[in-house]
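Below: the structure, in structure tokens.
The values are calculated or read from the model by the stated rules, or taken from the named source; none is laboratory data. What you see is a predicted model, and the numbers here were worked out from it, not measured in a lab. Cβ atoms come from the backbone with ideal geometry, glycine included; neighbour counts cover every protein chain shown. To get the accessible areas, we keep the full protein, side chains included, count just its heavy atoms, and leave off ligands, DNA and RNA. Shrake-Rupley method; radii C 1.70, N 1.55, O 1.52, S 1.80 Å.
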Amino acid sequence: MGGALTRYRVIAYIVGVVLIALVVVGMPMKYIWDDPIVVETIGPGHGFLYMVYLVAAFDLGRRAEWPLSRMALVMLAGTVPFVSFWAERVVARWVREPQPAAS
């Protein structure tokens, strides 16, 4: 499961950085200065990277045997700026320190 966690952590970081660039730089340039070049350039790349993020999150969740609700929350974390960084830390803790099974 170490490889799946590493893949997830790397793509979560990349998606987070690209999303921040898109929201903090691209959106103001498009809507304030009427220059959509950053959105047109970074937007499709972010879309593709988010698809890779979804696959990595699904793969990790399947290997860690998470319930579907947890897997969905982790997948949604890539849609909100800065949340993917927090989610990446939480997910790493979940995988490294699994909760004991309820008796």
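Might you report the magnitude of the Cβ-based charge dipole of the chain about its Cα centre, with Lys and Arg at +1 and Asp and Glu at -1, to the nearest 20 debye?
Numbers: 9 positive and 7 negative charges, 94 e Å.
Around 460 debye, computed over the chain.
Two numbers describe the Cα atoms of the chain: Rg and Dmax, which are 15.6, 60 Å. Residue by residue, the stretch 23-32 carries 3J(HN,Hα) couplings of 7, 7, 9, x, 5, x, 4, 6, 8, 9 Hz when phi is fed to the Karplus relation 6.51 cos²θ - 1.76 cosθ + 1.60 (θ = phi - 60°); x denotes Gly or Pro. The apolar share of the surface of the chain, taken as the fraction of accessible area on carbon and sulfur atoms (1.4 Å probe, ligands and nucleic acids excluded), comes to 68 percent.
To the nearest ten degrees, helix 83-96 and the longest principal axis of the Cα atoms of the chain are 20 degrees apart.
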